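The values are calculated or read from the model by the stated rules, or taken from the named source; none is laboratory data. Because the structure is a prediction, the values reported are computed rather than measured. Glycine also receives a Cβ, built like all others from the backbone with ideal geometry; neighbour counts cover every protein chain displayed. For the accessible areas, the whole protein counts, side chains as well, though only heavy atoms, and no ligand, DNA or RNA atoms are used. Shrake-Rupley method; radii C 1.70, N 1.55, O 1.52, S 1.80 Å.
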Amino acid sequence: MTEQATQRLTMAQAIIAFLKNQYVERDGLEQSLFAGCFGIFGHGNVAGIGQALQQMPEFRYYQARNEQAMVHAAVAFAKTKNRLQTFVCTSSVGPGATNMVTGAALATINRLPVLLLPGDIFARRNVAPVLQQLESEQTQDISVNDCFKPVSRYWDRITRPEQVLTALPEAMRVLTSPAETGAVTLALPEDVQTEAYAYPEAFFRKRVWHIPRNRPDRRALEQATAWIRTSKRPLIVAGGGVIYAEATDILRRFVDQTGIPVGETMAGKGSLRYDHPLSMGAIGATGTFAANRIAREADLVIGIGTRYSDFTTSSKTAFENPEVRFININVAAFDATKHSALSLVGDARVTLEELLTLLDGYSVDSNYRTQAEQLHTAWEEEVERIYTIRNTPLPSQGELIGAVNELSDPSAIMVCAAGSLPGDLHKLWRARHPKNYHMEYGYSCMGYEIAGGLGIKMAAPDRDVYVMVGDGSYLMMNSEIVTSIQERYKLIIVLLDNSGYKSIGALSRSLGQEGFGTRYVYPHNGVLPSDAAGADVQTLPVDLATNARSLGAHVIECKTYADFVAALKTVQTTDRTSVIYIQNDRYVAIPNYEGWWDVPVAEVSEMPSVQAARAEWAAMRAQERYFLG
Ligand SMILES: Cc1ncc(C[n+]2csc(CCOP(=O)(O)OP(=O)(O)O)c2C)c(N)n1
Ligand SMILES: [Mg+2]
């Protein structure tokens, strides 16, 4: 064996020394994959990864308040960077680790890269059970970190220091793969983290991982061309893949040349500017009437970078044309083959470029184009109508969304994740650039909003970041306001208080259940009052504005729409994270525009309203289709 130069480091030091030398390159643009490491220290990582970070301050360490939140921040950062950069997240053993499981699931579902380094129980075992260890009577080869397995795209436990020599390259392969990316978890036993090994120096050399723009099979492209040329009513469904591939310019050219209208998913909104005449806006359960009407009769659906979630397909009821077929452009074969599609497995940008060349001279029938353009105009009028509602005494959510949209800088980024806001924003937000609308709707995780906003601001410090958050989500996770103050990343948080869950309240009422369990009010005779109790309830003495102030934010409390407009102007010059607090109406809703979402209704109930909802549900359920090609 030839002698290799080595460096004696602890396993944790070797990890950080390796990670700081990992770069990615796409289209000739090179950057380091990791912007640093978020972490919360405990006995499971303080002397391992914690010591390594202290020794290598060039790999920037950021303190977080909650492990779940730090993964959200990392993932939101990665989404803003089109998956070309992300963070490492280090936690202690036990609860610190399991707090990250939700974040891992969110990352994997949304196909966003993040590297998780939870501390793990002792590999040497002699002192077991260590504080916070889950013991098993069947095996000693188990810890709570096994919970990460189903939510990680790559999972490993490092029981000897030299194992990182083979584990870290695997982690990099997955993190830098557009098709396979998601959460990568390396569970690090707290003793092994501190153990030394003579690592080959070559391991720490700068490495550049090329992010490919793979091209689909030529024959499949030709077949797709033939399908498009013979279709009468084609529709593009633009998903997150369009944005991650930076394919929005070619998409616009594709649409201009072919006249094919575009509906957008939650992750794909912003693929085409809202004011493009062939933008049908949001599609599916939270879609516009424009997109949903075009979808209903489409004979060809071209899905680009979409997973076809139930929100996108209106739970498989959106596409009613008996002849409908699908062409799916996707980096992941898994998604490309959905709906028995003709699969174009490849990068959205290069695939659209090749397809457009092959479609030279093709354009949809002018009647169809005119119909789509008219629907676009009608939809824009509907948005205008909702933006100009002035509801009293409490403002409506729609008008508040309108104010944020119109008074925010066009370059800003708006972030949201759960509650009634995502559905309303999907319909109403006028996306002016591909990053304008940042919606985490793969996991729709309450608590992502503020933590995610922090990650976005770190990725795009020159842009204003508007966090749209409900009172429920705010209560679930507001801790990263403190981190935003500490690191001087200014967020503009719009906190919409409707005393509970407007979204699930409305869903519950639509299922005949009167909003049971969705209001923040005192129980009455041991039962939480539902919406049937109306205003005859005792409200809670909770003061969220003061809560935000106590965390260091600049807070502006509003009562009216006019106050809200004034606050939106004021926050443009505040010096730190600012919260605009406003109560808004729980009941004024944005209509459903011919979309549907399958939420099964109880088959047996004594409530006539539930029985009626069940009958209505059964009728829609019968319309759900399989797309078998
Ligand atoms: C972590 C998590 N728990 C539960 C849910 C289910 N859920 C979806 S929306 C919602 C209520 C959100 O309340 P709020 O943030 O006040 O928004 P609103 O519905 O009032 O607009 C709940 C409980 C979820 N999406 N995420
Ligand atoms: Mg609420």
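Assess whether Glu406 counts as being away from ligand 2 (no atom under 16 Å from the Cβ) and closer than 30 Å to Thr258 by Cβ.
Judged against the criteria, Glu406 is not a match.
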field: Which listed residue, of Gly500, Gly470, Gly455, is near ligand 1 (Cβ under 10 Å from one of its atoms) and surrounded by 24 or more Cβ atoms within 10 Å (Cβ to Cβ)
entry: Gly470
- line: Among residues of the range 399-414 being among the charged types (D, E, K, R) and open to solvent by 60 Å² or more (accessible area, probe 1.4 Å), the residue farthest from ligand 1 (Cβ to nearest atom) is Asp409
- request: Identify all residues within the range 184-207 that are open to solvent by 30 Å² or more (accessible area, probe 1.4 Å) and not charged (D, E, K, R); write none if there are none.
  value: Thr194, Ala196, Tyr197, Ala198, Ala202
task: Taking Ser510 as the residue in question, decide whether it is surrounded by fewer than 23 Cβ atoms within 10 Å (Cβ to Cβ) and either on the phi < 0 side of the Ramachandran plot or within 16 Å of ligand 2 (Cβ to nearest atom) (or both).
output: yes
message: So the check is Cβ under 7 Å with 6+ separation or different chains; which pairs have a first residue in the range 420-448 that's acidic (Asp, Glu) and a second one that's within 16 Å of ligand 2 (Cβ to nearest atom)?
response: Asp424/Gln397; Asp424/Gly398; Asp424/Ile401; Asp424/Ile590; Glu440/Ala417; Glu440/Tyr448
field: Matching entry among Leu272, Leu278 (being open to solvent by less than 20 Å² (accessible area, probe 1.4 Å), touching a residue at least 12 places away in the same chain (Cβ under 8 Å) and more than 22 Å from Ala417 (Cα to Cα))
entry: Leu278
field: The lone exception for Leu359 - which of (1) more than 27 Å from the chain's Cα centre (by Cα); (2) under 25 Å from Asp585 (Cβ atoms); (3) open to solvent by less than 10 Å² (accessible area, probe 1.4 Å) it fails
entry: (2)
Residues of the range 475-485 that turn out to be within 16 Å of ligand 1 (Cβ to nearest atom), open to solvent by 20 Å² or more (accessible area, probe 1.4 Å) and in contact with a Lys or Arg (Cβ under 8 Å, 6 or more places away or on another chain), as a count: 1
field: Flag if Gly629 is over 30 Å from Ala548 (Cα atoms), open to solvent by 50 Å² or more (accessible area, probe 1.4 Å), in contact (Cβ under 8 Å) with a residue 60 or more places away in the chain and in contact with a strand residue (DSSP E or B) (Cβ under 9 Å, 6 or more places away or on another chain)
entry: yes
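Give the residue, chosen from Val571, Val599, that is surrounded by 13 or more Cβ atoms within 10 Å (Cβ to Cβ), closer than 25 Å to Gly423 by Cα and of a type in the set (Val, Ile, Thr).
Val599
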query: Restricting attention to the range 363-398, which residues are assigned to a loop (DSSP other than H, G, I, E, B) and within 16 Å of ligand 1 (Cβ to nearest atom)?
result: Asn391, Leu394, Pro395, Ser396
message: Every residue in the range 523-556 that is touching a strand residue (DSSP E or B) at 6+ places or on another chain (Cβ under 8 Å) and over 30 Å from Glu487 (Cα atoms), please.
response: Leu528, Pro529, Ser530, Asp531, Ala533, Val537, Gln538, Thr539, Leu540
query: Has the range 456-471 got at least one residue that is away from ligand 2 (no atom under 16 Å from the Cβ), closer than 17 Å to Ala267 by Cβ and touching a residue at least 12 places away in the same chain (Cβ under 8 Å)?
result: yes
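From the list Ala105, Ala196, Ala220, Ala187, exactly one residue is small (Gly, Ala, Ser) and in contact with an Asp or Glu (Cβ under 6 Å, 6 or more places away or on another chain). Which is it?
Sole residue among the options that is small (Gly, Ala, Ser) and in contact with an Asp or Glu (Cβ under 6 Å, 6 or more places away or on another chain): Ala187.
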field: Residue within the range 378-398 that is open to solvent by 20 Å² or more (accessible area, probe 1.4 Å), in contact (Cβ under 8 Å) with a residue 40 or more places away in the chain, among the aliphatic types (A, V, I, L, M) and within 16 Å of ligand 2 (Cβ to nearest atom) present
entry: yes
- request: Could you check, for the range 486-494, whether at least one of its residues is open to solvent by 40 Å² or more (accessible area, probe 1.4 Å), within 13 Å of ligand 1 (Cβ to nearest atom), of a type in the set (Lys, Arg) and not in a strand (DSSP E or B)?
  value: no
statement: So the strands (runs of 3 or more DSSP E) completely within the range 1-98 holding 3 or more residues that are without any contact (Cβ under 8 Å) to a residue 40 or more places away in the chain and either open to solvent by 30 Å² or more (accessible area, probe 1.4 Å) or of a type in the set (Asp, Glu) (or both) are none
- line: Of Ala589, Ala619, Ala613, the only residue that is more than 30 Å from Arg488 (Cα to Cα), hydrophobic (A, V, I, L, M, F, W, C), touching a residue at least 60 places away in the same chain (Cβ under 8 Å) and open to solvent by 50 Å² or more (accessible area, probe 1.4 Å) is Ala589
query: Can you spot a residue in the range 532-549 that is open to solvent by less than 20 Å² (accessible area, probe 1.4 Å) and away from ligand 2 (no atom under 16 Å from the Cβ)?
result: no
